[in-house]
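Visitor: Okay, handing you the structure first.
The values are calculated or read from the model by the stated rules, or taken from the named source; none is laboratory data. On a predicted model such as this, the values are computed, not experimentally measured, just so you know. When we count neighbours, we look across all protein chains shown, and the Cβ atoms used for this are built from the backbone with ideal geometry, even at glycine.
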Amino acid sequence: MAVGPINIFEYEALAKEKLSPAEYDFIAGGATDEITLRRTRTAFESIMLRPRMLVDISQPDLSTTVLGHPIAFPVLVDPAGHHGRAHPEGELATVRAAGAMDTALLLSSGSSYRLKDVAEAAAGPIWFQQYLYQDQSLTQRMAHRAQEAGYSALCLTLDSTVRAKRERNIRNQYVAPSSPNYEGLEVPEYSWGLSSDAPRGVNTLIDRAATWPQLDWLAAQTPLPLVVKGIMTAEDARLCVEHGVKAVIVSNHGARQLDTTFASIEVLPEVVDAVDGQLEVYLDGGIRRGTDVFKALALGARAVLIGRPLFWGLAVDGEAGVRAVLGMLRDELEMTMGMCGRPTIESIDRSVLGTVSPLQSVLQGLSLQSEV
């Protein structure tokens with residue numbers, strides 16, 4: 001009997017066979033030279049674990065909360081756009097899988113299905129992602145639609161004001177479809193596409209003049225808590241605290257915007273230290289193993305989000321594939337917690353991590369002594 005994919009990398013390999021080359025490149029690719037895309041994985045691989053023994057791990061507990069919502073384990077669905085490119089049921093399949101796995105979904109404003117339809121299929125917490133648009137009434141109307149549909153938080157993506165250069169998409173002349181979420185809102189025709197001859201993208205709708213006071217304005221327009229996505233510095237993290245943001249997502253947009261930035265996991269500690277517990281901190285980018293989730297939690301993230309792995313699961317097996325991908329991360333996280341002597345999410349801290357091996361420390365000390 002054939003064994004199916006047993007990890008996310010194998011799901012990606014199978015998804016690549018099912019998707020068109022242009023669709024695969026759109027999902028898998030990054031900006032310009034993809035230096036940050038590669039760094040996102042090597043950064044996780046450079047962090048080592050320090051397991052502890054003789055700890056009672058007989059009753060592991062992976063549960064936690066995000067903005068007060070209980071979830072079974074700290075892995076959320078990232079607000080990646082247009083799941084329909086991977087499977088006909090798109091976000092409907094994804095949100096059902098998230099509900100079945102007892103976790104939260106963040107829906108992109110660029111989804112394949114209307115936000116109302118996705119909300120009706122949801123069985124768990126759902127948050128809505130949007131932008132600060134040039135037309136303030138559009139910003140307000142999108143937020144109102146989300147509130148009316150039952151979304152419990154608003155996620156603002158801040159790092160997409162400038163259109164990125166994604167060379168795979170240019171080479172493939174790839175044009176992604178627009179989203180039904182913009183229907184009836186009297187916005188100009190636009191395309192999410194990034195091919196060299198495509199119409200200008202949704203970036204044309206985003207307000208390039210937006211500054212921090214606009215967060216205050218939006219907060220006054222909606223009762224939904226604000227989550228800000230795209231924070232990569234302590235300075236911006238502190239400004240989020242000052243402006244009443246309830247959570248931030250440390251994110252470089254999947255290495256799809258500005259190349260040669262740090263990996264999200266590399267800047268996570270400075271963001272966590274800057275907010276000092278005054279808001280919740282989440283992370284996305286590069287999560288492929290339960291050990292990655294564990295490392296992010298140890299560095300202070302309350303939860304992580306995954307994007308590309310969901311597309312691989314969708315492409316291979318629809319809703320069941322998404323459940324499988326989430327289940328793999330959950331099971332690997334539980335295994336890692338047990339092996340490191342951390343039976344609960346709250347017990348995971350920085351003491352379980354190391355970047356310099358004890359041997360390297362000794363050898364460096366010997367080298368310094370020889371120079372004296």
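Visitor: Any residue that is among the acidic types (Asp, Glu) and modelled with pLDDT of 95 or more - is there at least one of those in region 363-371? First the steps, then the outcome.
Guide: Restricting attention to region 363-371, the residues satisfying the condition of being among the acidic types (Asp, Glu) are 371.
Next, only the ones that are modelled with pLDDT of 95 or more stay: none.
Checked against the condition, which is being among the acidic types (Asp, Glu) and modelled with pLDDT of 95 or more, region 363-371 yields no hits at all.
Visitor: Among 324, 274, which is at pLDDT 95 or above, among the aliphatic types (A, V, I, L, M) and closer than 20 Å to residue 229 by Cα? Don't jump to the end; show me each part of the working.
Guide: Values: 324 fails: closer than 20 Å to residue 229 by Cα.
Unique residue meeting the criteria: 274.
Visitor: Pairs, please: C-beta under 7 Å, at least 6 apart or cross-chain, first residue surrounded by fewer than 18 Cβ atoms within 10 Å (Cβ to Cβ) and in region 316-342, second of a type in the set (D, E, K, R)?
Guide: Qualifying pairs under 7 Å: 341/52.
Visitor: Under the condition of being in contact with a Lys or Arg (Cβ under 9 Å, 6 or more places away or on another chain) and not aliphatic (A, V, I, L, M), which residue from region 241-256 is farthest from residue 78 (Cα to Cα)?
Guide: Among residues in region 241-256 that are in contact with a Lys or Arg (Cβ under 9 Å, 6 or more places away or on another chain) and not aliphatic (A, V, I, L, M), the one farthest from residue 78 (Cα to Cα) is 256.
Visitor: Right, something else. Just one of the numbered conditions (1) surrounded by 20 or more Cβ atoms within 10 Å (Cβ to Cβ); (2) closer than 29 Å to residue 165 by Cβ is not true of residue 235; which one?
Guide: (1)
Visitor: Taking interchain pairs and intrachain pairs at least six residues apart, which have beta carbon atoms under 6 angstrom, with the first residue in region 237-258 and closer than 18 Å to residue 31 by Cα and the second at pLDDT below 95 and of a type in the set (D, E, K, R)?
Guide: Going by the 6 Å Cβ cut-off, the qualifying pairs are 253/159; 257/159.
Visitor: Return the pairs, sorted by first residue and then second, in which the second residue is surrounded by 24 or more Cβ atoms within 10 Å (Cβ to Cβ) and polar (S, T, N, Q), the first residue lies in region 272-294 and is at negative phi and touching a residue at least 40 places away in the same chain (Cβ under 8 Å), the beta carbons are less than 6 Å apart, and the residues are 6+ apart or on different chains.
Guide: Short answer, once both residue conditions are applied: 284/251.
Visitor: Continuing with the same structure: Which pairs do you get when a residue that is in a helix (DSSP H, G or I), found in region 1-16, comes within reach of a residue that is among the small types (Gly, Ala, Ser) and surrounded by 12 or more Cβ atoms within 10 Å (Cβ to Cβ), reach meaning Cβ atoms under 6 angstrom, with the pair 6+ apart or on two chains?
Guide: Correct list of pairs: 11/313; 15/315.
Visitor: Let me ask something else. Identify the residue in region 118-140 that is within 30 Å of residue 209 (Cα to Cα) and aliphatic (A, V, I, L, M) and, among all such residues, is modelled with the highest pLDDT.
Guide: Restricting to residues being within 30 Å of residue 209 (Cα to Cα) and aliphatic (A, V, I, L, M), the top hit is 126.
Visitor: A follow-up question, please. Return the residues of region 257-290 that are in contact with a strand residue (DSSP E or B) (Cβ under 7 Å, 6 or more places away or on another chain) and either surrounded by fewer than 20 Cβ atoms within 10 Å (Cβ to Cβ) or assigned to a loop (DSSP other than H, G, I, E, B) (or both); say none if nothing qualifies. Spell out the reasoning first.
Guide: To start, the set of residues in region 257-290 that are in contact with a strand residue (DSSP E or B) (Cβ under 7 Å, 6 or more places away or on another chain) comprises 264-265, 267-268, 271-272, 275, 279-284, 287.
Across region 257-290, the qualifying residues are 279, 287.
Visitor: Next up: So if I check each of 145, 168, 141, which one is over 16 Å from the mean Cα position of the chain (by Cα), in a helix (DSSP H, G or I) and under 19 Å from residue 285 (Cβ atoms)? Reasoning before the result, please.
Guide: Details: 145 fails: under 19 Å from residue 285 (Cβ atoms); 141 fails: under 19 Å from residue 285 (Cβ atoms).
Every option except 168 fails the conditions.
Visitor: If you check 254, 230, which single one turns out to be within 25 Å of residue 34 (Cβ to Cβ) and part of a helix (DSSP H, G or I)? Spell out the reasoning first.
Guide: Details: 230 fails: part of a helix (DSSP H, G or I).
One residue alone meets the criteria, 254.
Visitor: Report the residue count in region 90-135 for those that are in a loop (DSSP other than H, G, I, E, B), in contact with a helix residue (DSSP H, G or I) (Cβ under 6 Å, 6 or more places away or on another chain), among the hydrophobic types (A, V, I, L, M, F, W, C) and closer than 16 Å to residue 310 by Cα.
Guide: Residues that pass the stated criteria total 1.
Visitor: Which of the residues belonging to region 114-146 are aromatic (Phe, Trp, Tyr) and either without any contact (Cβ under 8 Å) to a residue 40 or more places away in the chain or surrounded by 24 or more Cβ atoms within 10 Å (Cβ to Cβ) (or both)?
Guide: 127, 128
Visitor: Taking region 239-277 only, how many residues are closer than 26 Å to residue 126 by Cα, touching a helix residue (DSSP H, G or I) at 6+ places or on another chain (Cβ under 6 Å) and not small (Gly, Ala, Ser)?
Guide: The total comes to 8.
Visitor: Further question: Taking the stated definitions as given, is residue 61 among the charged types (D, E, K, R), modelled with pLDDT of 95 or more and within 25 Å of residue 266 (Cβ to Cβ)?
Guide: no
Visitor: May I ask you to list the residues in region 277-315 that are among the aromatic types (Phe, Trp, Tyr) and more than 18 Å from residue 229 (Cα to Cα)? Break it down stepwise before answering.
Guide: If we filter region 277-315 for residues that are among the aromatic types (Phe, Trp, Tyr), which is where we start, we get 282, 294, 311-312.
294, 311, 312 - these are the residues of region 277-315 that are among the aromatic types (Phe, Trp, Tyr) and more than 18 Å from residue 229 (Cα to Cα).
Visitor: Please name all residue pairs, on different chains or six or more residues apart, with Cβ atoms under 7 Å, provided the first residue is in region 49-72 and is farther than 18 Å from residue 332 by Cα and the second residue is surrounded by 12 or more Cβ atoms within 10 Å (Cβ to Cβ) and of a type in the set (D, E, K, R).
Guide: What qualifies is 66/280; 66/302; 67/246; 67/280.
Visitor: Sticking with this one: Take the residues of region 205-226 that are β-branched (Val, Ile, Thr) and surrounded by 15 or more Cβ atoms within 10 Å (Cβ to Cβ): which is modelled with the highest pLDDT?
Guide: Among those that are β-branched (Val, Ile, Thr) and surrounded by 15 or more Cβ atoms within 10 Å (Cβ to Cβ), it is 222.
Visitor: Filter region 97-109 for residues that are of a type outside the set (A, V, I, L, M) and surrounded by fewer than 21 Cβ atoms within 10 Å (Cβ to Cβ) and give the result.
Guide: 99, 102, listed by residue number.
Visitor: Tally the residues that are in a loop (DSSP other than H, G, I, E, B), β-branched (Val, Ile, Thr) and closer than 30 Å to residue 348 by Cα, restricting the search to region 17-49.
Guide: 1
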